[in-house]
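The values are calculated or read from the model by the stated rules, or taken from the named source; none is laboratory data. In this text the structure is predicted, and so the values were computed from the model without any measurement. As a convention, Cβ positions derive from the backbone with ideal geometry for all residues, glycine included, and neighbour counts pool all protein chains shown.
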Ligand SMILES: Nc1ncnc2c1ncn2[C@@H]1O[C@H](COP(=O)(O)OP(=O)(O)OP(=O)(O)O)[C@@H](O)[C@H]1O
Ligand SMILES: Nc1ncnc2c1ncn2[C@@H]1O[C@H](COP(=O)(O)OP(=O)(O)OP(=O)(O)O)[C@@H](O)[C@H]1O
Ligand SMILES: [Mg+2]
Ligand SMILES: [Mg+2]
């Protein structure tokens, strides 16, 4: 394989060296959050971008992972690492159970079904009484530890999250460049034709769904161990929408898209928080919100295929680029 | 410019507030109060000649954003953190301030924010805990021989904490909760819940909610012809509640901090002067009445300034000074902190009021 | 016999789209299915491939009844098809379309795909080579890197055929493969199909171009209003007056 | 009637039409032949306004219509029956036909119903299925519907992109005779066909395209006689 | 008990009227443009907030209603030109994201102008609840139903009986086909958003007296409307109204008789049931053949 194809991975490896040079907990936290989102969105990207199945309920799997970790460690005193595994597996199992029926639905109907699943789970977090701590949530989640090594600093957590992400990315890279990746794409393009080519669409869609739920759950578990406090509010419908935004902004059906989407959305939020008050003195959150929305709309108008497509501007010489723009009108 | 105020190095402090998002009705008056306080303090020479450099960050009522915001502030060298506005966003910050050893004064009510204090050495709060308010209500109920009550609460952490507190408080008090109903912050009609209350035979209804749902409930209450006493929580302690309830609020009873009835409290009350000056300052600057949320911010800011004056720019010393606070007269009450009590407010910080022709009236 | 149909029936509302159809396809033979528009030809394909459930009747391939199986199971039993209303994987390249068609000829599942490195995967390379050969044979190899949607209409049809052949099926159902091809191109296609037949692939061919039908088919089945009105060799059909009246027209001269 | 000068059209960075010029006279039936990918559909699409040319001019009845949007072009009296049919599959057959006359009527007039009856006479196979969903029709019936819808707009210039696709031989012949009749009423027709034999029978003049340009043009008799064209496009049977 | 049930029914109808009107506006845009407009809730809120400000100037309520409807209709058209129009040809998902972006920005704008405060609007008619059989019915909900009825009749007439209505439907099913018949998609999309804005504002002004108005309530209203529309089949105007009423009654009875905490859960379960067993909605919509 050519080096060129792996520039992204090399960049990621370089990112892991940051701790040797930088010493900002804020930076690490931001990167941890980006990393967690990237894990979720990368899985969701397989489901949405490759298999073509929209989900507006992934915050539920994220939350299920988080609550699994929280409940197992605080109520049942499981070892943290074991609880982390469980936090990935349980959402996976739930996805397996609900997916078979749900994935028969198409497009908006699937979006609605996943949305209502997400809201149901969110209600469960709120109404779970003693088990989930209700709307006030649960605190006192221990730090994640492997043996006697404890992930008690932002820096250590950052290394962990991005290593996990890197390993997942390698796996996903293999996946999308394999027979399975191709089969997923063909489901997205035409289920009839895919079935007639011998592809078991129902099964493959389910696998992609379970896979994305596993990743979301894993990220949820990591989140619980990172913040050590958990409550229903980060797992609402809004969060599911954020995840979909990240996938689409990054670029559907592209390998790097989801990661780019996660970075851009989180970084944009953080940047706006810093920059807006500088541009408009005395500006509160209102301006941030407005500008964020406007940027979102702008991205979709000018880069409807997502940001990962921007690379093409640097590769195709300008002349050809101009011709590319002459497309079907309307 | 901040530096020029006293010529001395400014003291950096940070605030994380729920300025936008679900709890923005809390965060906005808090922000306004803080901005006003800083301006006034710096104009008067700051803390021993050091101006205060306050950075306010909006967490959008989001817990994850709260964590990121508090880390930014600590990174920028904040000596202490004020906020966050609501319980969830405050809870999310605790791990960070505990491990980074930065004093934090939350503006939210839940007692779990500061308890157990053995695990919350760095965390303080200025809003009265629910139990303070509940006790006020319980004594009213006993006095009027109301033994069967209905409890209605909002389905979020505010309502949830209220429910926990009242369930604990009614034990062994001879009062029975005969109906317990909840509703969503977004609900547009609480008649179904109230129909159940009506059928339950309760002698009084206690509601733990904030407007607009609290106001809608009050309207519905009147509409379906319920005539038992309606007791709300301090969550409705602003004029907005009365306005939105459009006349239905008359007769509503609630425990509240003294801010809303500052004129009516006795001149002997040690808080009177403080309250009146806050009201005057705030009304002058913003052309509006301040509310209790702003009051929490006032208290947090002044507690911190007090500690800073004694301790100087040293986080450990600030924390120690906060814990030693005694007899500090604030908007929400008189604060007496101890190593076991990081809130420091007692029952005397609240009064019972009744709405009478659209105005608060002190009833004790 | 490779495929045997009997008593296959399907209604849509009041319309009997396919009624009591029975015929068989011998191994390595071409059966043409002709009939006026709306006669039920495509519907029959949909039934054989499991896309539509029949109301009645049996469909047996290599001795196994496939009624009730899912389309992908029927594909793995050796039947693939092309679509009259094209169903290409538009946002995939021509080569990927064919490789997706070869799905059945490789084995790696979801988990194994996740853990193996594709660069080292022999299976993947083999499929790629074979797909390119297939494209070469059908005349699409220069366009291998284009998106399927960028092909002109006629070539999209050829691509459908290539994709259907990629899994090396025992039987291919072709729904108007020559539509959109000019006579010269049709001739090449006919030659290609005949060659395929000699290599042992059986076909059912829906086609309105009589020249192709007469030249390629071993047997012809004629449908009209869902019913089978004739079956026989090309010569027999050409002489069948009912077929001429319903479908071919009196003055049609067939070469 | 229609004049095209030095037309150039791109799809992405593939040039589909290069420096193409042609002229169609009023009442003429022009057949356009050519291999797959020659650019025939692109040519019709560009005249109809679906694609925007990068160079050249399209002039209809003396007025330039270059680069106009399809909804505007159709109002000038140009109608395209596209190769992918583009029928409204969830609407009824009747609604599909009605909409063909959208730019003429915009109201449900009796005249409209008469027109529809006429079309149904031309395609008896569609009779009795007026209220069926267009998408449930068989491929060939959908093709008839698309042609019928194109006729409903009563164009001065009718462009058909491979109308014979999917149609039974009898019906193809029927369509060709309809075209001849239409021509007699003064309609100008451009017919893209792969069914060369049928097309040549009815065409006045013929144009052969290759790689986006015109390689041969002339009246149909000459073209049939041209042996090089014979070989390339007409196959063995002539 | 009977009185309680009647009360719950009345409450359900009040809620149902709110959900129906929002579902109706959602379905209208969806039918016309194929876009699910997640900013619809924001149109409702801005309409109501504008009415609050206008009312402050002492205008009579009828004038407030009309001016607010006109202003938001203009806003809708403006936003369509600035965003949807520019993005034409993009995928459905991109369009959905654009409407999400719009809703975020509009919410921010509302926050900027009107702040976090909750406002109330006066009811259309004076006087308190109507008491029937011991249960109270909010008279404002009758006004909302009137609005629903008028809108519904208008939409039925338009889609079912006019040439334009057919053209609009056709343009959703096949854009190229529609343009080739001379149907101007740009105009249709523009008008659809003008209508969405106007209808949204009308809904906002009429529900305001019941729900009160805060800058951020649009999102929840949008979601409820979306659910109601889906129960009704997503592209069916009559279904949207029935779905809305059903949802309202369901919520009312489940919080009155079962548990208020589980009220949303119950409506979600119903929605899932409808999706899984009758994906075309309770009023079946047609399905097309693809092969
Ligand atoms: N899903 C469906 N719903 C309703 N009717 C259908 C459906 N599918 C097919 N039909 C009807 O069944 C009949 C047979 O259709 P079919 O597509 O099999 O015809 P065909 O022989 O392939 O015709 P063509 O040569 O025109 O493609 C037609 O009348 C068609 O309208
Ligand atoms: N949407 C598109 N994107 C990219 N390239 C396209 C597109 N449509 C057509 N082309 C290219 O433009 C050229 C001309 O295509 P066109 O469809 O006009 O050919 P045609 O003569 O109509 O062929 P056919 O007889 O197969 O219909 C071809 O090379 C084709 O690959
Ligand atoms: Mg067919
Ligand atoms: Mg073509």
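Remarks
- Scanning the stretch B:345-358 for residues that are touching a residue at least 24 places away in the same chain (Cβ under 8 Å) and surrounded by fewer than 15 Cβ atoms within 10 Å (Cβ to Cβ) returns B:356, B:357, B:358.
- Selection count where residues are more than 7 Å from chain A (Cβ to nearest Cβ), part of a helix (DSSP H, G or I) and crowded, with 19+ Cβ neighbours inside 10 Å, scope the stretch E:85-121: 7
- Conditions (1) more than 16 Å from ligand 3 (Cβ to nearest atom); (2) crowded, with 18+ Cβ neighbours inside 10 Å; (3) in contact (Cβ under 8 Å) with a residue 24 or more places away in the chain; (4) within 23 Å of residue A:192 (Cβ to Cβ); number of the one not met by residue C:93: (2)
- Qualifying residue in the stretch B:116-123 (condition: more than 10 Å from every other protein chain (Cβ to nearest Cβ), part of a strand (DSSP E or B) and either without any contact (Cβ under 8 Å) to a residue 12 or more places away in the chain or in contact with a helix residue (DSSP H, G or I) (Cβ under 9 Å, 6 or more places away or on another chain) (or both)): yes
- Residue count for the stretch D:105-121 under the criterion of being surrounded by fewer than 16 Cβ atoms within 10 Å (Cβ to Cβ) and either more than 7 Å from every other protein chain (Cβ to nearest Cβ) or within 30 Å of residue C:154 (Cβ to Cβ) (or both): the result is 8.
- For the stretch E:189-201, the criterion of being touching a residue at least 24 places away in the same chain (Cβ under 8 Å) and within 14 Å of chain B (Cβ to nearest Cβ) is satisfied by no residue at all.
- Test: residue in the stretch D:51-59 that is within 16 Å of ligand 4 (Cβ to nearest atom) and not in a helix (DSSP H, G or I): yes
- For the stretch C:157-191, a residue qualifies if it is in a helix (DSSP H, G or I) and over 14 Å from the mean Cα position of the chain (by Cα), and the qualifying residues are C:183, C:184, C:185, C:186, C:187, C:188, C:191.
- Among the residues making up the stretch D:81-94, those that are within 16 Å of ligand 1 (Cβ to nearest atom) and either at the interface with chain E (Cβ under 7 Å from one of its Cβ atoms) or assigned to a helix (DSSP H, G or I) (or both) are D:87, D:88, D:89, D:90, D:91, D:93, D:94.
- Taking each residue of the stretch D:43-68 that is over 20 Å from residue D:187 (Cβ atoms) and looking for partners that are assigned to a loop (DSSP other than H, G, I, E, B) and more than 16 Å from ligand 2 (Cβ to nearest atom) with beta-carbon atoms closer than 6 Å, six or more apart or interchain, yields D:52/D:67; D:57/D:66.
- Residue that is farthest from ligand 4 (Cβ to nearest atom) [pool: residues in the stretch D:1-18 that are surrounded by fewer than 15 Cβ atoms within 10 Å (Cβ to Cβ) and either free of Cβ contacts under 8 Å to residues at least 24 places away in the same chain or under 19 Å from residue D:218 (Cβ atoms) (or both)]: D:13
- From the list D:112, D:97, the lone residue that is under 28 Å from residue C:35 (Cα atoms), under 23 Å from the mean Cα position of the chain (by Cα) and either touching a residue at least 12 places away in the same chain (Cβ under 8 Å) or within 16 Å of ligand 3 (Cβ to nearest atom) (or both) is D:97.
- Residue list for the stretch C:1-18, filter: more than 14 Å from chain D (Cβ to nearest Cβ), assigned to a strand (DSSP E or B) and either surrounded by fewer than 16 Cβ atoms within 10 Å (Cβ to Cβ) or away from ligand 1 (no atom under 15 Å from the Cβ) (or both): C:3, C:4, C:6, C:7
- Here residue D:102 meets the list (1) more than 16 Å from ligand 3 (Cβ to nearest atom); (2) farther than 22 Å from residue D:188 by Cβ almost entirely, failing just condition (2).
- Residue match in the stretch D:33-47 (condition: within 28 Å of residue D:200 (Cα to Cα), within 16 Å of ligand 4 (Cβ to nearest atom), away from chain C (no Cβ under 14 Å) and touching a strand residue (DSSP E or B) at 6+ places or on another chain (Cβ under 9 Å)): yes
- In the stretch D:180-207, the residues that are surrounded by 22 or more Cβ atoms within 10 Å (Cβ to Cβ) and more than 16 Å from ligand 1 (Cβ to nearest atom): D:188, D:189, D:190, D:191, D:192, D:193, D:194, D:196, D:199, D:203, D:206, D:207
- Any hit, the stretch D:140-150, residues being in a loop (DSSP other than H, G, I, E, B) and at the interface with another protein chain (Cβ under 9 Å from one of its Cβ atoms): no
- Complete set of residues in the stretch A:192-207 that are assigned to a helix (DSSP H, G or I) and touching a strand residue (DSSP E or B) at 6+ places or on another chain (Cβ under 8 Å): A:196
- One residue stands out in the stretch C:19-54 among those that are assigned to a strand (DSSP E or B) and within 14 Å of chain D (Cβ to nearest Cβ): the one that is farthest from ligand 1 (Cβ to nearest atom), namely C:32.
- Residue under evaluation residue C:141, criteria (1) buried (at least 21 other Cβ atoms within 10 Å of the Cβ); (2) more than 7 Å from every other protein chain (Cβ to nearest Cβ), criterion not met: (1)
- In a residue-by-residue description of the stretch D:200-212, the property of being within 14 Å of chain C (Cβ to nearest Cβ), away from ligand 4 (no atom under 16 Å from the Cβ) and under 25 Å from residue D:17 (Cα atoms) applies to at least one position.
- Any hit, the stretch C:121-132, residues being closer than 30 Å to residue D:39 by Cβ and part of a helix (DSSP H, G or I): yes
- Hits in the stretch B:15-29 (condition: within 24 Å of residue B:279 (Cα to Cα) and within 12 Å of chain A (Cβ to nearest Cβ)): B:16, B:17, B:18, B:19, B:23, B:24, B:27, B:28
- Filter result for residue C:76 (within 16 Å of ligand 2 (Cβ to nearest atom), more than 25 Å from residue C:225 (Cα to Cα), at pLDDT below 95 and within 14 Å of another protein chain (Cβ to nearest Cβ)): no
- Set side by side, the residues C:159, C:181 differ, and just one is within 9 Å of chain D (Cβ to nearest Cβ) and within 16 Å of ligand 4 (Cβ to nearest atom), which is C:181.
- Every listed requirement among (1) facing another protein chain (nearest Cβ under 9 Å); (2) closer than 27 Å to residue A:292 by Cα; (3) at pLDDT below 90 is met by residue A:276 save one, (1).
- Filter result for residue D:118 (out of contact with any strand residue (DSSP E or B) (no Cβ under 7 Å at 6 or more places or on another chain) and either touching a residue at least 12 places away in the same chain (Cβ under 8 Å) or more than 16 Å from ligand 2 (Cβ to nearest atom) (or both)): yes
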